[in-house]
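This report refers to the structure that appears directly beneath it.
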């Protein structure tokens with residue numbers, strides 16, 4: 001049985017807000033998509049676009065424990081903000097897209113830039129954690145060329161060669177054939193951390209809404225899902241209730257683990 005109180009068998013997720021989570025997988029501690037702006041502050045999305053935060057992060061950046069790595073899906077202000085740029089420890093590598101890695105290296109961060117399907121590994125005392133870059137599509141058409149490249153991530157924790165957990169961190173992706181390819185390559189994903197929100201940029205939806213979240217689950221077939229990234233910014237137009245309504249009455253209804261900001265959910 002996996003412990004959730006510490007030790008090398010620990011596996012859990014703490015939801016901080018937006019797509020920011022603190023993950024414990026065995027002896028490894030990771031942070032995803034660090035966003036620590038406060039309510040009322042604006043995230044910069046590039047090309048003159050901004051979004052106003054309407055929630056508070058559950059903890060401040062100086063309350064973070066020591067990190068083994070940061071996993072960053074893409075370089076947007078609601079996923080890596082100016083607070084993170086100033087306050088994150090430079091020792092922990094940021095595993096991200098090659099686009100974001102190049103930018104963040106200029107600020108003195110240690111970065112690992114991954115192309116799709118490439119992976120980076122951490123090892124400790126017989127435990128191994130791999131972060132593999134998975135395909136993601138932030139937008140289609142012309143807008144897709146204007147937005148920064150995005151990746152999903154497959155986190156696999158093994159203990160002396162035995163797989164203990166696999167976690168799919170979707171990143172800001174829409175649905176499409178790439179999800180079926182993820183399923184073909186990784187048919188036994190334990191949990192998906194799903195970015196929702198139905199985010200709108202220039203009138204186009206660039207993250208999953210409730211229906212899209214259900215379509216992702218049907219395509220990838222994880223054991224269960226933890227929804228994030230759904231009510232923190234003014235550009236998020238599809239609340240968590242849309243997703244819960246979409247899965248109601250389906251086989252996924254009992255396989256959703258909702259975690260409030262500041263709460264921790266076991267990854268058993």
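The values are calculated or read from the model by the stated rules, or taken from the named source; none is laboratory data. As the structure is a computational prediction, the values presented were derived from the model and not from experiment. For neighbour counting, all protein chains shown are included, and Cβ atoms are generated from backbone atoms with ideal geometry for every residue, glycine included.
Computed values, structure above
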quantity: When residues of region 86-102 are limited to those that are farther than 16 Å from residue 119 by Cα and in a loop (DSSP other than H, G, I, E, B), the one modelled with the lowest pLDDT; calculated: 91
quantity: Criterion: out of contact with any helix residue (DSSP H, G or I) (no Cβ under 8 Å at 6 or more places or on another chain), farther than 25 Å from residue 132 by Cβ and either surrounded by 15 or more Cβ atoms within 10 Å (Cβ to Cβ) or modelled with pLDDT of 95 or more (or both) - qualifying residue of 7, 17; calculated: 17
quantity: Residue within region 103-117 that is in contact (Cβ under 8 Å) with a residue 24 or more places away in the chain, assigned to a helix (DSSP H, G or I) and within 12 Å of residue 74 (Cβ to Cβ) present; calculated: yes
quantity: Residue 83 touching a helix residue (DSSP H, G or I) at 6+ places or on another chain (Cβ under 8 Å), over 28 Å from residue 214 (Cβ atoms) and assigned to a strand (DSSP E or B); calculated: no
quantity: Set 143, 167, 122: member being touching a residue at least 40 places away in the same chain (Cβ under 8 Å), out of contact with any helix residue (DSSP H, G or I) (no Cβ under 9 Å at 6 or more places or on another chain) and over 29 Å from residue 12 (Cβ atoms); calculated: 143
quantity: Any hit, region 111-121, residues being over 24 Å from residue 185 (Cα atoms), surrounded by fewer than 19 Cβ atoms within 10 Å (Cβ to Cβ) and modelled with pLDDT of 95 or more; calculated: no
quantity: Every residue from region 141-159 that is over 13 Å from the mean Cα position of the chain (by Cα) and modelled with pLDDT of 95 or more; calculated: 149, 156, 157, 158, 159
quantity: Checking residue 188 against (1) in contact with a strand residue (DSSP E or B) (Cβ under 6 Å, 6 or more places away or on another chain); (2) surrounded by fewer than 23 Cβ atoms within 10 Å (Cβ to Cβ), the condition it does not meet; calculated: (1)
quantity: Candidate set from region 55-77 (those that are assigned to a loop (DSSP other than H, G, I, E, B) and touching a helix residue (DSSP H, G or I) at 6+ places or on another chain (Cβ under 7 Å)); member that is surrounded by the fewest Cβ atoms within 10 Å (Cβ to Cβ); calculated: 75
quantity: Matching residues in region 230-250 - criterion: being part of a loop (DSSP other than H, G, I, E, B) and either crowded, with 16+ Cβ neighbours inside 10 Å or touching a strand residue (DSSP E or B) at 6+ places or on another chain (Cβ under 9 Å) (or both); calculated: 230, 231, 232, 234, 235, 236, 237, 239
quantity: Residues of region 20-46 classified as in contact with a helix residue (DSSP H, G or I) (Cβ under 7 Å, 6 or more places away or on another chain) and surrounded by fewer than 20 Cβ atoms within 10 Å (Cβ to Cβ), total; calculated: 0
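Results for (1) out of contact with any helix residue (DSSP H, G or I) (no Cβ under 9 Å at 6 or more places or on another chain); (2) in contact (Cβ under 8 Å) with a residue 24 or more places away in the chain; (3) surrounded by fewer than 23 Cβ atoms within 10 Å (Cβ to Cβ); (4) in a loop (DSSP other than H, G, I, E, B), shown as yes or no for each residue.
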{"residue": "175", "(1), (2), (3), (4)": "no, yes, yes, yes"}
{"residue": "180", "(1), (2), (3), (4)": "no, yes, yes, no"}
{"residue": "184", "(1), (2), (3), (4)": "yes, no, yes, no"}
{"residue": "215", "(1), (2), (3), (4)": "no, yes, yes, no"}
